[in-house]
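Visitor: One structure, pasted below without further comment.
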Amino acid sequence: MKSSGSRPGAAPGRAAAPGRAAALGETALSRVVVPGSVAEAVTVQEELRPLVDLVGPGPSAPATVAGLDVAYGQGGDLLAAAVTVLDAGTLEVVDSAVSVGEPAFDYVPGLFAFRELPALLTALDRLSVLPDLLVCDGHGLAHPRRFGLACHLGVVTGLPAIGVGKTPLVGTWDPPAAERGAWSPLRDGGDVVGRVLRTQDGVKPVFVSVGHRMGLENATARVLALAQRYRLPETTRTADRLSRDALASAEQTD
DNA sequence: GCGACAG
DNA sequence: ATCTTGTCGC
């Protein structure tokens with residue numbers, strides 16, 4: 001991975017969008033701008049932020065839900081993005097896709113999305129089943145400029161999206177009660193930007209925030225429904241496993 | 001000025 | 001995110 005002061009982005013201006021049957025339409029992939037600097041990245045976020053739909057309420061009974069995650073290898077030069085689509089009722093994986101590539105941007109807190117977005121969208125484009133909801137590994141509105149990965153993915157794809165983070169990026173909160181389902185508001189700069197949600201009794205909570213076309217109440221319900229047995233949503237778990245497997249294959253075979 | 005800082 | 005040993009517990 002390259003890092004050159006004013007030019008964190010190692011890739012050209014736009015993500016490559018080879019001509020294949022696009023489940024998302026060519027719009028999603030072509031609308032992904034990979035900034036050439038931190039300043040430009042911030043500008044892109046501020047331009048896209050108004051496009052976020054926080055009214056929702058979003059699907060209360062989605063048929064399918066997708067999990068997205070990325071695994072890194074070789075000191076950060078290689079990455080594998082994975083998307084798994086689960087039947088919302090049985091939580092069985094009904095479709096999946098991966099995309100191996102390089103990080104599109106250096107890691108900068110608050111600009112994290114630019115790093116994984118191109119690969120995640122390529123993987124999404126390779127699905128044969130378009131999910132009703134995206135559950136992202138990272139935050140949505142719980143972001144310095146209210147435009148985290150989940151918002152970015154939602155706006156670019158037009159799909160409802162939720163952000164589920166394992167650790168905080170911004171905000172303050174009180175510890176939620178110890179029982180599964182308990183939550184407390186995540187506040188930042190006078191706004192409620194998400195919820196600190198306990199998905200399992202006595203287990204460290206997760207940070208839930210709206211990404212796009214969703215309400216916070218619904219987002220909370222969807223995450224709880226996906227985390228019946230473990231701390232993290234089943235979508236995140238299956239996508240995490242798939243991305244690691246894809247990375248392992250890419251590191252030996254290829 | 002000194003930390004904190006999604007993955 | 002990834003680098004890593006042992007350890008506690010179902």
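The values are calculated or read from the model by the stated rules, or taken from the named source; none is laboratory data. Predicted model, so just to flag it, every value in this text is computed and none were measured. Virtual Cβ from ideal backbone geometry, glycine too; neighbours counted across all protein chains shown. SASA here: full protein model, heavy atoms, side chains in, ligands and nucleic acids out. Shrake-Rupley method; radii C 1.70, N 1.55, O 1.52, S 1.80 Å.
Visitor: Filter the range A:195-218 for residues that are of a type outside the set (Gly, Ala, Ser) and under 20 Å from A:LEU111 (Cβ atoms); which is farthest from the chain's Cα centre (by Cα)?
Guide: The residue in question is A:PHE207.
Visitor: Then there is this: Is the range A:145-164 home to any residue that is modelled with pLDDT of 95 or more, within 16 Å of DNA strand C (Cβ to nearest atom), on the phi > 0 side of the Ramachandran plot and surrounded by fewer than 22 Cβ atoms within 10 Å (Cβ to Cβ)?
Guide: There is no residue in the range A:145-164 that is modelled with pLDDT of 95 or more, within 16 Å of DNA strand C (Cβ to nearest atom), on the phi > 0 side of the Ramachandran plot and surrounded by fewer than 22 Cβ atoms within 10 Å (Cβ to Cβ).
Visitor: Which condition number does A:SER184 fail, the rest of (1) part of a loop (DSSP other than H, G, I, E, B); (2) away from DNA strand C (no atom under 16 Å from the Cβ) being met?
Guide: (1)
Visitor: Kindly list, by first and then second residue, each pair from a residue in the range A:138-164 that is among the polar types (S, T, N, Q) to a residue that is within 16 Å of DNA strand C (Cβ to nearest atom) and in a strand (DSSP E or B), limited to pairs with Cβ atoms under 9 Å and residues at least 6 apart or on different chains.
Guide: Once the first residue is among the polar types (S, T, N, Q) and sits in the range A:138-164, no partner that is within 16 Å of DNA strand C (Cβ to nearest atom) and in a strand (DSSP E or B) comes close enough.
Visitor: Within the range A:134-184, track down each residue that is closer than 12 Å to A:HIS212 by Cβ and of a type in the set (S, T, N, Q).
Guide: Once the filter is applied, which keeps residues that are closer than 12 Å to A:HIS212 by Cβ and of a type in the set (S, T, N, Q), the range A:134-184 yields only A:THR157.
Visitor: Starting from the range A:57-78, take each residue that is assigned to a loop (DSSP other than H, G, I, E, B) and list its partners that are among the hydrophobic types (A, V, I, L, M, F, W, C) and within 10 Å of DNA strand B (Cβ to nearest atom), counting only C-beta distances under 7 angstrom and pairs at least six apart or across chains.
Guide: Close Cβ pairs (under 7 Å, with a partner that is among the hydrophobic types (A, V, I, L, M, F, W, C) and within 10 Å of DNA strand B (Cβ to nearest atom)) amount to A:ASP77/A:MET1.
Visitor: Which condition does A:VAL192 not pass, out of (1) touching a helix residue (DSSP H, G or I) at 6+ places or on another chain (Cβ under 9 Å); (2) surrounded by fewer than 18 Cβ atoms within 10 Å (Cβ to Cβ); (3) closer than 23 Å to A:PHE105 by Cβ; (4) not acidic (Asp, Glu), if it passes all the others?
Guide: Only one criterion is unmet by A:VAL192, namely (3).
Visitor: Within the range A:195-230, count every residue that is surrounded by 17 or more Cβ atoms within 10 Å (Cβ to Cβ) and of a type in the set (Lys, Arg).
Guide: 4
Visitor: Go through (1) aliphatic (A, V, I, L, M); (2) within 16 Å of DNA strand C (Cβ to nearest atom); (3) in a loop (DSSP other than H, G, I, E, B); (4) closer than 18 Å to A:ALA246 by Cβ and name the single condition A:LEU111 misses.
Guide: Unmet condition: (4).
Visitor: Name the residues in the range A:55-85 that are open to solvent by 60 Å² or more (accessible area, probe 1.4 Å) and within 16 Å of DNA strand C (Cβ to nearest atom), would you?
Guide: Answer for the range A:55-85, where residues must be open to solvent by 60 Å² or more (accessible area, probe 1.4 Å) and within 16 Å of DNA strand C (Cβ to nearest atom): A:TYR72, A:GLN74, A:GLY75, A:ASP77.
Visitor: Being buried (at least 18 other Cβ atoms within 10 Å of the Cβ), within 21 Å of A:ARG146 (Cα to Cα) and either aliphatic (A, V, I, L, M) or modelled with pLDDT of 95 or more (or both) narrows it down to one of A:PRO118, A:PRO50, so name that one.
Guide: A:PRO118
Visitor: Same structure, new question: Which of the residues belonging to the range A:46-90 are polar (S, T, N, Q) and in contact with a strand residue (DSSP E or B) (Cβ under 7 Å, 6 or more places away or on another chain)?
Guide: The answer is A:THR64, A:THR84.
Listed here are the residues, each with its yes/no results for (1) touching a Gly at 6+ places or on another chain (Cβ under 7 Å); (2) within 27 Å of A:THR90 (Cβ to Cβ).
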residue	(1), (2)
A:PRO131	no, yes
A:PHE147	no, no
A:ASP188	yes, no
A:VAL208	yes, yes
A:ASP240	no, yes
